[in-house]
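A quick write-up on the structure given underneath.
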Amino acid sequence: MAADGVASIGECMLELSGQAGPNWRMGFAGDTFNTLWALHALSGERSATYVSAFGDDPFSQGQISFFAENGIGIGASPVIPGARPGLYAITLTGAERAFTYWRSDAAARRLASDPAALAKSLENQALVYFSGITLAILDAAARKTLLAEVSKARAAGSLVAFDPNYRPRLWQSREEAQAAILDALAVTDIALPTFPDEQMLFGDTASQATAERFGKLVGEVVVKNGEEPALIATGGALQPVPAQHVATPVDTTGAGDSFNGGYLAARLAGHAPADAVQRAHRVAAAVVQVRGALAPFEVLRTAFEG
């Protein structure tokens, strides 16, 4: 069977976003799911699989149904009796967001508990994507299992993409995060770091330092840096690509995740890295003009095509 699907590994949570007055709106989001959402919208007929672990409660059932309604499957991801999803709430100051989490016992922490099921979910995928948050929610043994299965998928022909997406509160120590991320880069074909994260984690002084450091480990690197130019590192060369300015953003939630989805969709479609970054910038710019992490598919497609 030809490898033609796209798979993203991680945790999709319940998302509460503030509305007018005391009311909240519930949705579903999480860094790797946000990326898959955009990637799926922009990848034509490719199958899309969200690889995780789920509970059997009504909220988990609602998640899985929401995925299916939008053409996204869960592969062989385990459904665990008695487990439930994590939850986060978004509060906004202007367009800038802050998050409050309830996720310590989330089902997704067991996504690598069945190596055979994980391997089955990663079969015949053109692209496998995961993040530093995927690593952070797992214990050391589960991280090892995850990276072993990703490595096997890569050996079988899957392209592997990784965003370090460093979130200090999820790690026991900075050193633990550094080691886990370096292990992940060893099985990665496309790295999508964000400069402020790398500055915090590794002490990089500029996005060029991040690009050069990653470029020694991974063949294709795009360093994101908010409204500053993204920096591509391939073949020892660096190429900046200006971002698209949004004068009045509504909500910056999911911008970097959607950038990743746009970039990966463009690369799978055969676009060169610089063109892929331009498309990804447009996608991210569209996402910050809607509330929540998930923009409608047509909004994403219109931005992608320019």
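Just so it is clear, none of the values below were taken in a lab; they were calculated from the coordinates. Quick caveat: nothing in here was measured; it's all calculated off a predicted structure. Cβ atoms come from the backbone with ideal geometry, glycine included; neighbour counts cover every protein chain shown.
Observations on the model:
- Contact order relative to length of the chain, as percent, for alpha carbon pairs under 8 angstrom and 6 or more apart: 17 percent
- Taking label points 7 Å from Cα along the Cα-to-Cβ direction, LEU87 and ARG154 give a separation of 3.8 nm.
- What the phi angles of segment 253-265 give under the Karplus curve with 6.51, -1.76 and 1.60, with θ = phi - 60°, is a coupling list of 4, x, 4, x, 5, 5, 4, 4, x, x, 5, 5, 4 Hz, glycine and proline written as x.
- Measure of compaction for segment 1-132 (Cα Rg per 2.2 N^0.38 Å): 1.08
- If only the Cβ of Lys and Arg carry +1 and only the Cβ of Asp and Glu carry -1, the dipole of segment 260-306 around its Cα centre is close to 80 debye.
- Start at zero, step by 10 Å, and the Cα-Cα distances of segment 229-298 spread as 22, 49, 24, 4 percent across the bins.
- Restricted to Cα atoms, segment 156-221 shows a radius of gyration and a Dmax of 11.7, 37 angstrom.
- Size descriptor, Kirkwood hydrodynamic radius, that averages inverse alpha-carbon separations across segment 78-157, Å: 14.4 Å
- Gyration tensor over alpha-carbon atoms, segment 1-71, equivalent ellipsoid semi-axes in Å: 26, 14, 10
- If you wrap the tightest convex hull around every Cα atom of the chain and split its volume per residue, you get 126 Å³.
- Cross-link partners of LYS144 among lysines, defined as those whose alpha carbon lies under 21 angstrom from its own and excluding same-chain residues fewer than eight positions apart: LYS120, LYS152.
- Cα gyration tensor shape of segment 195-276, rounded if a/c is under 1.5, else prolate or oblate by comparing a/b with b/c: oblate
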